[in-house]
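Have a look at the structure below before the remarks.
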Amino acid sequence: MAERERRLTTPRGGVFVPRVQVLSAEDVARAITRIAHEIVERNRGISDIVVIGLQTGGVPLARRLAQVLEEIAGVPVPSGTLDVAFYRDDIGIRPVLPEAVTDIPGDLAGELVVLVDDVLFTGRTVRAALNALADYGRARAVQLAVMVDRGHREIPIRPDYVGKNMPTRIDEQVDVSLDGVVLGDVVPR
Amino acid sequence: MTAEPEALAEEQDVGLVEPEISASETAAAGGRRHLLSISDLGAYGIEEVLRVSDAFVEVGKRSIPKVPALRGKTVVTLFVEESTRTKLSFETAAKRLSADVMSFSASSSSLKKGESLRDTVETVAAMGVDAFVIRHSSAGAPAAVSRWVDASVLNAGDGWHEHPTQALLDCYTIREVLAEREGLAPGEAGMGCFKGLRVAIVGDIRHSRVARSNVLALAALGAEVTLVAPGTLLPPAVETWPVAAVSHDIDDVLPKIDVCYLLRLQAERGAGRFLPSIREYSSEYGLNARRASALADGALVMHPGPMNRGVEIADEVADLPRSVILRQVANGVAVRMAVLFMLLGTPHGQTPTGTLASLGGAWESGSA
Amino acid sequence: MARLEARPTIVIRGGTVVDETGERRADVVCAGGVVKEVGDSLAIPSGATVLDADGCFVMPGLVDLHTHLRQPGNEDAECVETGARAAALGGFTAILAMPNTDPCVDNAAVASEVLALGAEAPCRVAVAGAITVGRAGENLAPLGELAALGVRLFTDDGACVSDSGVMRRALEYARGLGVTLAQHCEDQGLASGASMHEGEWSSILGVPGAPAEAEELVVARDIALARLTGGRLHLLHLSSARSVALVAAAKAEGLRVSAEVTPHHLCLTDADLAGYDPLFKVNPPLRTTADLLALREGCRSGVLDAVATDHAPHPREAKDTPLSDAAPGMLGLETALAVTLGSLSSGSVNGNGNGNGNGNGAAPYMGVKDVVGLMSWRPAVIGHMATSQGGDQGGPIAPGAPANLCVFDPAESWVVDPAKMASRSRNTPWSGRTLKGRVRHTICAGEPVVVGAEAQR
């Protein structure tokens, strides 16, 4: 999520220019499977789990993760989406609108929420997501799963499950999808 | 010095003066600090507002319908022309965004004591205001205020001129209802439902800011609008309006439309100067039960409120399932939240990004 | 005036004299309040003040038939002293003060008061009287009593005499006195509540408007009444194409009808209200481009007799309001000559001088002499102040003529700064704009009241 917003709000916008493919589609699929097993193991079962993907980068990953968890555990795993536009700490500083409507399945009180995002960067998006989640009820616990942790944290946020740790320069960009992870730069238009 | 005054003919700065750039043009150019007219938005802008409104409709469904998005911002409602409903809708919207709200109405002491609008506005602005929501009986008053203060200005209705948020919530309602029929959630609906949509606006068009804003919005979105009114209640130069047709015969128009939008007839119009009587208006143009049954099956009935039951709309018609008037009201808060968020959540001079590259923005949308 | 003989000797050197007889390179020497000599490269008498007119036009002082001096009653907006100073800076040596003061000029006492206030002014201040008592449109004002004080033109301006019977009798009575009645043509039934011209722009902006017919109805009516009564009629600030056509027909018929137009109606249209700026709110309103072009054509063809400013000062609070609450009217005296020459000699439609006459050799729309005529000798006749009528305005500039002169530099560009204007008010639509052409010197009855574009008193 952080990556996408940076790309969008470069002065006058910019174009993502890929440089090197860090993970392939198979690598991403394997990472999701591994994370799913880690979730089951850490929580000793997933009877009260809800998987929430952050708009927009976390959504396809969250859906895939929920599918894999269902296959492993053999029980239905509810999933939803969360857009944090209204909870950001930089409203009025950077212009961003909600990308899509939030869709949380039911009340989250007492549930185990696994928040899923594509890239963990400054941590501000996740902090906004935690604020948003609080408005849906008091979860039993919130755990964070990200495909890529690229460092440069500005808030004390740490992931519980990571696909790949990837140190980056602050001006680089990371693009994540089910097709793979690509490192590149944003070139101003 | 020759007899021919060629020197005068060159570079004469006088001659027809270029019209001043209107405040609404400034609004568009500067990243939409103000919403004074639907023309500030254009088709892209309207679409953007509707999409953001989807998100706020979801917020409205929560048990605590509140987000911290505008925390620390101050929104002042300044209703020099009274309106309880619209004022309440705006104030609710601002509060649900966690903004601080101050409220002035025509009966507020300072305006009543004859303090000029400019002095009132400047005094209030000095206390630190991020947005003014203004309703005034004089067209152009919000434009004037936008020249006097540094805050964002939102036009909540200025004389006969415009009422942009009304048109926006009306468009939102149309899109929502038509999407429901297709089994789509509003977030999944596009803007295609407006192309070729046949809308009739019936009533006192001449004096109606709701009509002007709706005509501009619907025309921008590709709908076909027909104006239906007696001759005295049509605006001057109506041939220049972006409408498909003008009619004096409501019975001829009703079977051929998808939306019948009724305007409220103010009592003073029927006092014998514009119309012979309210009764004649009602019999010639009122949407009674007989006329409502002449509407196509899927046609909607809309009204900006408050209704004069028995005048422009019959009692029983107002309560028909095809009448979406209450949904219009319900959507008003979400749409006004969207507009406030877009005005105040955007730094001055920048255009917001989002699902769309709005207003011809020069960046990729990027998201998959 | 006893002081005339004491007026200094002035030499206006290096300019081009423009008057009713034509244009010629000439210096002008004045002394004792009259023109002494006009000729090329004249010798300079010793002790004379030399006013440089290099590159300038030297014309008879301008005459404004339509100025609101606001005194008595509205001195916060303007007074005779400041208005006259503004007039002098605009090159005017005579102004006709409109009677819609408070109290209005419907009796000899108020007329005498205004005349007295203007006696020492840097331009001649003449007074117009009201047609009806209190400008209420019902009973005739004491026209004879006012005429005895020298009042030659009467108007209820600001209001229109709406009762045809009253206007008829007024014209008949005026004919007997040999004075002129002037009408502010506005039918209240069509115009009430309006803030601008009713048309495409008012429809876009949602502003109540008045159609051109509101003026044309009264123009047509009064022309008919002039025909009926044989009275002399002057039509104030015409704003529409059809009004011009009606006047043309009346003149073709031989009726004694004259008409004036303002500089702003030659230059601005209803599109200028797009920003709802009350500075552009005026009565009659700015109308369409077609009306503007017809008004310019009326100037060129001679149907319109005069350009008159309708200088209408308003205090800040009267203009700093939403459009519908704002007072109508604009300042005009200091900018009139530049704006009028710009509109009528370039003839272009937009401010950049594109179109005919813009440095590519095409002929200008109107010659300087004819434009000056519209602002000088022709209004002088209508105001009964012309030298040919025993007055002292309008030229021609020849030995023995009263020294009422305006020296105008057509090349000087200046930025209009309301704070620096002589008028007490600030409501000029040209605020911040650059105008080309500026009055350099004004000589009123032989006294240089404006030198180097600065008022001397």
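What follows is calculated from the coordinates using simple rules that are stated; it is not laboratory data. Predicted model only: the values in this text are computed from it and were never measured. So basically every Cβ, Gly included, is an ideal-geometry build from the backbone, and we count neighbours across all protein chains shown.
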| Whole-number percent relative contact order across segment B:164-328, with pairs defined as alpha carbons under 8 Å at least 6 apart | 22 percent
| said: Taking the number of other C-beta atoms within 10 Å as the exposure measure, put C:R25, C:R438 in order starting with the fewest. | reply: C:R25, C:R438
| field | Placed amide H near C:E412: partners under 5 Å, 5+ positions off or other chain | value | C:G437, C:R438
| request: Could you please rank B:M191, C:M421, placing first whichever residue has the fewest other Cβ atoms within 10 Å of its Cβ? | output: B:M191, C:M421
| So what's the convex hull volume per residue for the Cα atoms of segment A:25-175, in Å³? | 111 Å³
| note | Listing B:S293, A:S177, B:S89 by rising number of other beta-carbon atoms within 10 angstrom, fewest first, gives B:S293, A:S177, B:S89
| query | Given only helices, namely DSSP H runs of n ≥ 4 each adding -39500 (n - 2.57), what is the per-residue ellipticity at 222 nm of the protein assembly as shown, to the nearest 500 deg cm²/dmol? | reply | -9000 deg cm²/dmol
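Listed here are the pairs B:K95/B:K195; B:K61/B:K87; B:K95/C:K319; C:K319/C:K436; C:K251/C:K369; which of them are more than 31 Å apart at the Cα?
B:K95/B:K195; B:K95/C:K319
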| message | Of the candidates A:D89, A:D160, A:D27, which one comes out as most mobile in a Gaussian network treatment of chain A with C-alpha springs shorter than 10 Å? | response | A:D89
| task | Compute the whole-percent fraction of alpha carbon pairs in chain C spaced more than 34 Å apart. | result | 28 percent
| Where the centre of each part is set by its Cα atoms, how far does segment B:295-352 sit from segment C:181-233, in angstrom? | 41 Å
